[in-house]
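The structure under discussion appears below in the form of structure tokens.
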Amino acid sequence: MSGRFEGKVAVVTGAASGIGRACARAFAAEGASVVAADVDVPGLVSVVAEIEAAGGRAIAVRCDVASDEEVDALAATTRAAFGPADILLNNAGVMLRGPMEAMPTADWQWIMDINFFGAVRGVRAFSGDMIARGSGHIVNTASIGGLVGGRPHSASYSASKFALVGYSETLYVHFMPKGIGVSVLCPGGVRTPLPDNVRLSAAAKGPEGYGLGEAFGPEAVEPEAVAGMVLDAVEHRRFLVLTDPRQQKMLERRVADMQSWVENRVRASG
């Protein structure tokens, strides 16, 4: 490893598994002191042990990103342990499925509170130090489902990620002149535990028809490959991070003719 983040402090939420875990390990391998945050304490203990066994520096902090107080405490713990954060990866996320026309508002609020407002809380808690220093980088984990409308049973997930993409774009425009980079990660298929932990809405009559337990397609990538993309984006201050090069062409087709795009989606769903 090159040590390209030597002396930096990286905070990673959702660090107990999947993309967050891979990024925590990758930042540590490149010299950063890592604060690994999640609600999964055994997973956190495990990743910190891996980092330390490899010669890195890391601490585990239990943090529910749906709580203002816990995210603020995460920032305070980071400062006390390593100093102000240089890099913030707002990666914690959940998935909810159910009939979008019948899901109670509480379900929509639950997923937005974690997938969208979790990042808002993170930015609020950590960006003040970055602004005062005139440096830093924020990465928000959205989804390709935040750039292209998904299946009806995943509408709440897609909505939360669309909101995060728009928020991230605004952050980039506002923060770059202040010396702070912003990236939005929009993964496609990545082999993470997220699909195994899907929450089914109370409005669903049963698990059938909601794609629970779906197998990964052959094009799915490993979290370690995504971590490499994230670190490169931080190093080069790249905004949009796609995990599949085919996604760029798909987005270009969508933007070029939205009417044709949605009509084709209707035909494909029929």
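The values are calculated or read from the model by the stated rules, or taken from the named source; none is laboratory data. Because the structure is predicted, anything quoted here is derived from the model rather than measured. Cβ: placed from backbone, ideal geometry, glycine included. Neighbour counts: every protein chain shown.
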- On the given criteria, is Val45 under 18 Å from Ile138 (Cα atoms) and either at pLDDT 95 or above or outside any strand (DSSP E or B) (or both)? no
Apart from one, (1) surrounded by 15 or more Cβ atoms within 10 Å (Cβ to Cβ); (2) within 21 Å of the chain's Cα centre (by Cα) all hold for Arg57; the odd one out is (2)
TODO: Taking Ala29 as the residue in question, decide whether it is closer than 17 Å to Ala119 by Cα and free of Cβ contacts under 8 Å to residues at least 60 places away in the same chain.
DONE: no
Filtering segment 200-218 down to residues that are exposed (fewer than 14 other Cβ atoms within 10 Å of the Cβ) and modelled with pLDDT of 80 or more yields Ala202, Ala203
In segment 163-181, anything over 14 Å from Ala119 (Cβ atoms), part of a helix (DSSP H, G or I) and hydrophobic (A, V, I, L, M, F, W, C) is listed as Val173, Met176
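Every residue, every condition in (1) crowded, with 20+ Cβ neighbours inside 10 Å; (2) within 22 Å of Gly189 (Cα to Cα); (3) under 17 Å from the mean Cα position of the chain (by Cα), yes or no:
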position	(1), (2), (3)
Gln109	no, no, no
Gly122	yes, no, yes
Ala125	yes, no, yes
Gly136	yes, no, no
Ala142	yes, yes, yes
Leu147	yes, yes, yes
Pro152	no, yes, no
Ala155	yes, yes, no
From the option list Ala16, Ala10, Ala28, single residue qualifying as aliphatic (A, V, I, L, M), over 30 Å from Trp110 (Cα atoms) and touching a strand residue (DSSP E or B) at 6+ places or on another chain (Cβ under 9 Å) is Ala28
Pairing a residue in segment 249-270 that is free of Cβ contacts under 8 Å to residues at least 60 places away in the same chain and assigned to a helix (DSSP H, G or I) with any residue that is surrounded by 12 or more Cβ atoms within 10 Å (Cβ to Cβ) and of a type outside the set (Phe, Trp, Tyr), where Cβ atoms lie under 6 Å and the two sit 6 or more apart in sequence or on different chains, gives Trp261/Arg254
